[in-house]
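Asker: The structure under discussion is supplied below as structure tokens; questions concerning it will follow.
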Amino acid sequence: MNLEGKRILLGVSGSIAAYKSADIASQLGKSGADVHAALTANAAQFVGVPTFRALTRNPVLTDTFEEPDTKRIAHIELAQSADLVLVAPATANILAKMAHGIADDMLTTCLLATPQSTPLLVAPAMNTQMWLHPATSENLRILQARGVQVIPPGSGLLACQDVGEGKLAEVSEIVAAVMATLGTAQTLAGHHLLITAGATREPLDPVRFLTNRSSGKMGYALAQEAIRRGATVTLVSGITNLPPPHKANLVRVETAEQMLKACLEALPSVTGIIASAAVADYRPLQVADHKLKKREGEEEVVLRLAKNPDVIAELGRRKRPEQRSIGFAAETQDLLANATRKIAAKNLDLIVVNDVLKEGAGFDVDTNIVTLVWRDGKRNALPKMTKAEVSRHILDAYSELPRWRGQF
Ligand SMILES: Cc1cc2nc3c(=O)[nH]c(=O)nc-3n(C[C@H](O)[C@H](O)[C@H](O)COP(=O)(O)O)c2cc1C
């Protein structure tokens, strides 16, 4: 993709991975972007200002009070003229400052002066304990709720010799995320998608429930991407720990019955449905209104279950012909035969099949390995990729569904 005419503010903070941001600056510049680097004082301990000046051919900002042009206030000028802001690597410290609006150096002042409408991406890099610290998780949650896009770190051998999560995402992945954000055409403008996500939770008594391993990551990634493409999104979400995507109309539900009710309420006003929630097929037949007690001498108990409504099949029955619908199938055997049967049974246009037993696929991981299967039998087996990338493939396919073109 050509980034000609795009101005990018590249924030670099004091991580051992700061040297990689020189490569990011170089690659973005080679793609035509006008890159302006802003380094924290600690970043400048790791990598030299002249490196960024040479790679970007622009002044490098480090000090709020050092104004290269006396007619302009550099941090305001740059923050307001950037098409995109990327902080890579983002330290635990800068994430905390961003989450709490602290502006005590050039980079953080630029970040606070950046309009809310400018896409802001962060690529965290840190020691695993810092990454897993509740303070960091909470700061990321705050930032994501504000619309900041997080390019998640990978796992591997870290500079501190620990092996674990916290390694800066690959440079190619960071550059691709920038390209995807700047290159996103508003192909879904005027559309309203109903997206379901997460696991349902079926109560047994006031403290116990039946649920499944779905994290909601796939559905939330779809919602995020659809919003970036200009769609209005109603996100009917079961149980997840994820922050809601910025600008999504979030409807939180717990049980399959609540999910169906919320979906049916949204159905008349949407142009399409993507059902990625993992809905329980059965629920406890009786829900006790007090905590069930262990009984003396009772070595086995029988749990009677009642069938839940099939949310996607019900939506398929009631939807108007012009409303497109995409379902998900988490299978462990006979993947494609089951998928083809479900397309017909649930009146879908496309089904996304994942073999949840494969490593890196399915529940509670950041990647997925899926095959898209169309109504006419056409298939596209995608390699392992992040759920954000999978969501781009799914929404591309959604936009190209045959009967969909020119409908709205
Ligand atoms: C060798 C070394 C490597 C470091 N790597 C990281 C890192 O990868 N991530 C991080 O959050 N902090 C790292 N730190 C700590 C930060 O530099 C420190 O928290 C600093 O205050 C961050 O400042 P800044 O966010 O303003 O750049 C490292 C420190 C040292 C000395």
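Asker: Here is a list: Leu204, Leu143. Which entry is over 18 Å from the mean Cα position of the chain (by Cα), more than 20 Å from Ala329 (Cβ to Cβ), modelled with pLDDT of 90 or more and not in a loop (DSSP other than H, G, I, E, B)?
Answerer: When all the criteria are applied, what remains is Leu204.
Asker: Further, regarding this structure: Among the residues of the stretch 244-266, is there at least one that is surrounded by 14 or more Cβ atoms within 10 Å (Cβ to Cβ), within 27 Å of the chain's Cα centre (by Cα) and under 15 Å from Leu348 (Cα atoms)?
Answerer: So far as the stretch 244-266 goes, no, none of its residues is surrounded by 14 or more Cβ atoms within 10 Å (Cβ to Cβ), within 27 Å of the chain's Cα centre (by Cα) and under 15 Å from Leu348 (Cα atoms).
Asker: Is one or more of the residues making up the stretch 363-371 at negative phi, buried (at least 22 other Cβ atoms within 10 Å of the Cβ) and at pLDDT 85 or above?
Answerer: Yes.
Asker: If you go through the stretch 183-196 one residue at a time, how many are buried (at least 24 other Cβ atoms within 10 Å of the Cβ), in contact with a strand residue (DSSP E or B) (Cβ under 7 Å, 6 or more places away or on another chain) and either over 30 Å from Leu303 (Cα atoms) or not assigned by TED's automatic domain parsing to the domain that holds Leu264 (or both)?
Answerer: Total meeting the criteria: 3.
Asker: Give Val35, Val49 a once-over and let me know the one that is within 16 Å of the ligand (Cβ to nearest atom) and either at pLDDT 95 or above or of a type outside the set (Gly, Ala, Ser) (or both).
Answerer: Val49
Asker: Something else: Going by the structure shown, is Gly48 surrounded by fewer than 19 Cβ atoms within 10 Å (Cβ to Cβ), in the same structural domain as Ala96 (by TED's automatic domain parsing) and on the phi < 0 side of the Ramachandran plot?
Answerer: yes
Asker: Tally the residues that are in contact with a strand residue (DSSP E or B) (Cβ under 9 Å, 6 or more places away or on another chain), of a type in the set (D, E, K, R) and farther than 27 Å from Lys291 by Cβ, restricting the search to the stretch 197-232.
Answerer: 2
Asker: Being aliphatic (A, V, I, L, M), outside any helix (DSSP H, G or I) and surrounded by fewer than 22 Cβ atoms within 10 Å (Cβ to Cβ) is true for just one of Leu86, Leu112, Leu121. Which residue is that?
Answerer: Answer to the check: Leu121.
Asker: Let me ask another. Of these, Lys30, Lys6, which one is touching an Asp or Glu at 6+ places or on another chain (Cβ under 6 Å), more than 14 Å from the ligand (Cβ to nearest atom) and farther than 15 Å from Met106 by Cβ?
Answerer: Answer to the check: Lys6.
Asker: Gly156 versus (1) at pLDDT 90 or above; (2) within 14 Å of the ligand (Cβ to nearest atom); (3) surrounded by fewer than 13 Cβ atoms within 10 Å (Cβ to Cβ): which is the lone unmet condition?
Answerer: Looking at each condition in turn, Gly156 falls short on (1).
Asker: Also: Does any residue of the stretch 55-69 turn out to be in contact (Cβ under 8 Å) with a residue 24 or more places away in the chain, away from the ligand (no atom under 15 Å from the Cβ), aliphatic (A, V, I, L, M) and assigned by TED's automatic domain parsing to the domain that holds Val175?
Answerer: Yes - at least one qualifying residue is present in the stretch 55-69.
Asker: What are the residues in the stretch 267-308 that are assigned to a helix (DSSP H, G or I) and either over 37 Å from the mean Cα position of the chain (by Cα) or free of Cβ contacts under 8 Å to residues at least 24 places away in the same chain (or both), if any?
Answerer: Passing the criteria: only Pro268.
Asker: Give Ala176, Ala197, Ala169 a once-over and let me know the one that is within 16 Å of the chain's Cα centre (by Cα), within 18 Å of Gly29 (Cβ to Cβ) and among the aliphatic types (A, V, I, L, M).
Answerer: None of the others qualify; the one that does is Ala176.
The values are calculated or read from the model by the stated rules, or taken from the named source; none is laboratory data. Quick caveat: nothing in here was measured; it's all calculated off a predicted structure. In this analysis, Cβ positions are derived from the backbone assuming ideal geometry, glycine residues included, and neighbour counts consider all displayed protein chains.
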